[in-house]
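Trainee: Handing you a structure now.
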Amino acid sequence: MRTISLILATLGLGGTFTVAHADTIFHSGIEPGLTIDGRVYWPGPIAGAVVTARFGDQLATTSSRADGRFGLVIEHRHVSGTPLVELTARGTGTQAHIEYAGQLGPFDRLLTAAGSDEVLDIDEEAFANLTPYSTAVSAFMRAENGHLPLQSLAAFERSARSQQVVHVFDIAHAIAFAAQGDLSLPAGYDTTWAAVTDMAGTQQLYADWYTARYATNCSSQPDAPICTIFGDLAGNSTVFPPGEPVPGLRYAVSNGGGFDFGSARFMETLVVYGSTWSYWSPSGDGPFAIDASIESDGRYLFTRQDGEPLSTMETWRFINGQQVRTLIETVSLLVRFDRSVGNLAAYSKSGTIRYRHPDNPEIPTEHLPAQPTLPQVSIGNALADSQSGLRGPLAGSRWLVSVPTAGSGGPAYWDADIHPVTGSNGVTERGGRAFTVLDEGADDFTLDYGDFQMSTRLANEDYPGIWRTEVRITSADGTAYASGILIKVDAPQMAWSAANVPGLYRSRINGHICDGPWGDIDVLSEYGFCTGTQGWFGFQLNADGTGIQAPNTSPAAVTWALPGGADAGRLRIDRMSGPTLVQSRGWEVVKVVGDRYWIIENMAQGEPASFAPSSRVYAMDRQ
């Protein structure tokens, strides 16, 4: 690691200031360089923080001023290649426990974003401001990289698009709560950044945060710090400066970082075309045109032009001793357009909700106001340049694709099937469904099934050869939006045999939260649901054809067998009650990465499982 000490730095920020000789800042006042113009903030401006840029094997440091602002100049002559830049800032004195971070990514991207003046500010790079949110995202990205500093462009781009939003939000709030002195750091960790870049520290901070949350009744103590921090952090315009929507971008959220039961899900989607907006709800409402107005805080208010709710869901609630049919209606949406790591388009949204009881007019209508939330990266962002073209051509390979059983008429089940592509055509292996490949690009393609078309755009390579996708389905019924997966099936595909079946196989329940690098984040928390027997599902399969179905809280005996004929190479697992078949599962492996098996599963009750197209696609870890 090499540092350079200088006496004077002209920052291009409206003045010149003297730097102590012990500071290490890459600017001589003569050589050209990139100026990072940022701020260290929360719970207010952090003055005197030591700000450090790490890139390659070199460091540059400076200090923040009274308003938390800093200027850090990296001279071009000290930059070799295109290293990744990571910023950290640590407070001093009573704020020495506060350390924030921001992953800025490759140096050449920062130069391009800065423009001709070579000053990179918050309008050009979201993580130039170092806050609890930038720190939580940056810590997750390190976790994706084995809790180590990122070294490659591919690792930066993949992890930036793989955020597990639930855990990132929890850790961001925990960091903010600790920074303002309301939560002690875990023993053995001096700073917030040190705690969240180590798994043990992250787990303890998470547990302490949830203990503090559940120790306070926010209904009776709404002004308690643990109760106000959610709105205070999300609504802070310094932490989250309001941005502008990107024309043509589809704003929708697909959680990354983990692998869930099921392979696809419909998404609430906002689409902006210049000044015209469109909205689609996973309840099947839309797409339809919506009106947009800008609130005083910079958020956008969206309502239907005809005055009807944006979406409606019917449920039953127990009220006054009786079951009451209730319509949960989203009357409007409040959306703040943000930017996240790598300046990826992000947005935070909350709805104004109305509970109506049409069959019981005597029950008052309930209204829930919209509350500020933290931003989530939109799946509509373009694929990273480092990932573009990695999928390879469709022709000549077999692909696992999730296809809706209904064209677009609201929520539908998804059937995953293997699509062997020959030229521009093919027939699915399980369902025998003919398809044609249309408009294939490096990172997108359309499949025409006759009664509908499914346009797929790659969003991120979450695992080698396993892509999260943004999907648009069009048919005579209309248009729907969804997130899905695309898996290049191993060639040759792994076949089950008597020799390779025996072993312990486990999968995460709620994998979008409980899988991935922070899947064990709640191991120390009494309020967690990802760890322990309740967070796992799987089988111990023995060499003699017997086995046990987990979780261990209610183990059940099973048997396994290898079907023949057209199903050779597949596996069937049966759970019996005496001589009666209770449940049957059929497994087919489509990809193996290390000890992780991606499986299509069919499940049947009371009869043998078939090997038809299935909505159940998930990862099994072989222990």
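Trainee: Looking only at region 314-335, decide whether some residue is open to solvent by less than 50 Å² (accessible area, probe 1.4 Å) and not in a strand (DSSP E or B).
Mentor: no
Trainee: When residue 307 is evaluated against the numbered criteria (1) open to solvent by 40 Å² or more (accessible area, probe 1.4 Å); (2) modelled with pLDDT under 90; (3) within 17 Å of residue 269 (Cα to Cα), which criterion, by number, is the only one it fails?
Mentor: Here residue 307 clears every test but (3).
Trainee: Next question. Output the number of the condition that residue 170 fails; it satisfies all remaining conditions of (1) open to solvent by 10 Å² or more (accessible area, probe 1.4 Å); (2) touching a His at 6+ places or on another chain (Cβ under 7 Å); (3) modelled with pLDDT under 95.
Mentor: (2)
Trainee: While we're looking at this one, here's another question. Please state which one of 26, 55 is open to solvent by less than 20 Å² (accessible area, probe 1.4 Å), among the hydrophobic types (A, V, I, L, M, F, W, C), modelled with pLDDT under 95 and closer than 23 Å to residue 160 by Cβ.
Mentor: 55
Conditions tested, residue by residue: (1) more than 24 Å from residue 185 (Cβ to Cβ); (2) touching a His at 6+ places or on another chain (Cβ under 8 Å); (3) open to solvent by less than 10 Å² (accessible area, probe 1.4 Å).
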site: 90; (1), (2), (3): no, no, no
site: 102; (1), (2), (3): no, no, yes
site: 114; (1), (2), (3): yes, no, yes
site: 122; (1), (2), (3): yes, no, no
site: 125; (1), (2), (3): yes, no, yes
site: 130; (1), (2), (3): no, no, yes
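Trainee: If I go through region 68-101 residue by residue, how many of them are closer than 24 Å to residue 141 by Cβ and part of a strand (DSSP E or B)?
Mentor: 13
Trainee: Another question about this same structure. Looking at region 383-392, is at least one residue more than 30 Å from residue 322 (Cα to Cα), touching a residue at least 24 places away in the same chain (Cβ under 8 Å), basic (Lys, Arg) and assigned to a loop (DSSP other than H, G, I, E, B)?
Mentor: Looking through region 383-392, at least one residue is more than 30 Å from residue 322 (Cα to Cα), touching a residue at least 24 places away in the same chain (Cβ under 8 Å), basic (Lys, Arg) and assigned to a loop (DSSP other than H, G, I, E, B).
Trainee: List the pairs whose first member sits in region 359-373 and is open to solvent by 60 Å² or more (accessible area, probe 1.4 Å), whose second member is of a type in the set (Val, Ile, Thr) and outside any loop (DSSP other than H, G, I, E, B), and whose Cβ atoms are under 8 Å apart, counting only residues at least 6 apart or on separate chains?
Mentor: 359/324; 367/352; 367/353; 368/352; 368/353; 369/352
Trainee: Additional query: Answer yes or no: is there a residue in region 477-486 that is aromatic (Phe, Trp, Tyr) and either in the same structural domain as residue 602 (by the TED database) or under 30 Å from residue 174 (Cα atoms) (or both).
Mentor: Scanning region 477-486, I find no residue that is aromatic (Phe, Trp, Tyr) and either in the same structural domain as residue 602 (by the TED database) or under 30 Å from residue 174 (Cα atoms) (or both), so the answer is no.
Trainee: Quick check: is even one residue across region 521-538 in contact (Cβ under 8 Å) with a residue 40 or more places away in the chain, touching a His at 6+ places or on another chain (Cβ under 6 Å) and either of a type outside the set (Phe, Trp, Tyr) or closer than 18 Å to residue 501 by Cβ (or both)?
Mentor: Within region 521-538 (the criterion being in contact (Cβ under 8 Å) with a residue 40 or more places away in the chain, touching a His at 6+ places or on another chain (Cβ under 6 Å) and either of a type outside the set (Phe, Trp, Tyr) or closer than 18 Å to residue 501 by Cβ (or both)), the answer is yes, since at least one residue qualifies.
Trainee: Let me ask something else. Can you go through 566, 543, 561 and tell me which one is of a type in the set (A, V, I, L, M, F, W, C), open to solvent by 50 Å² or more (accessible area, probe 1.4 Å) and within 21 Å of residue 615 (Cα to Cα)?
Mentor: The unique qualifying residue is 566.
Trainee: Tally time: how many residues in region 442-488 are modelled with pLDDT of 85 or more, open to solvent by less than 20 Å² (accessible area, probe 1.4 Å) and polar (S, T, N, Q)?
Mentor: 4
The values are calculated or read from the model by the stated rules, or taken from the named source; none is laboratory data. All figures in this text were calculated on a predicted structure; none of them were measured in a lab. Cβ coordinates were reconstructed from backbone atoms using ideal geometry, including for glycine residues, and neighbour counts include every protein chain displayed. All accessible areas refer to the heavy atoms of the entire protein, side chains included, with ligands and DNA or RNA removed. Shrake-Rupley method; radii C 1.70, N 1.55, O 1.52, S 1.80 Å.
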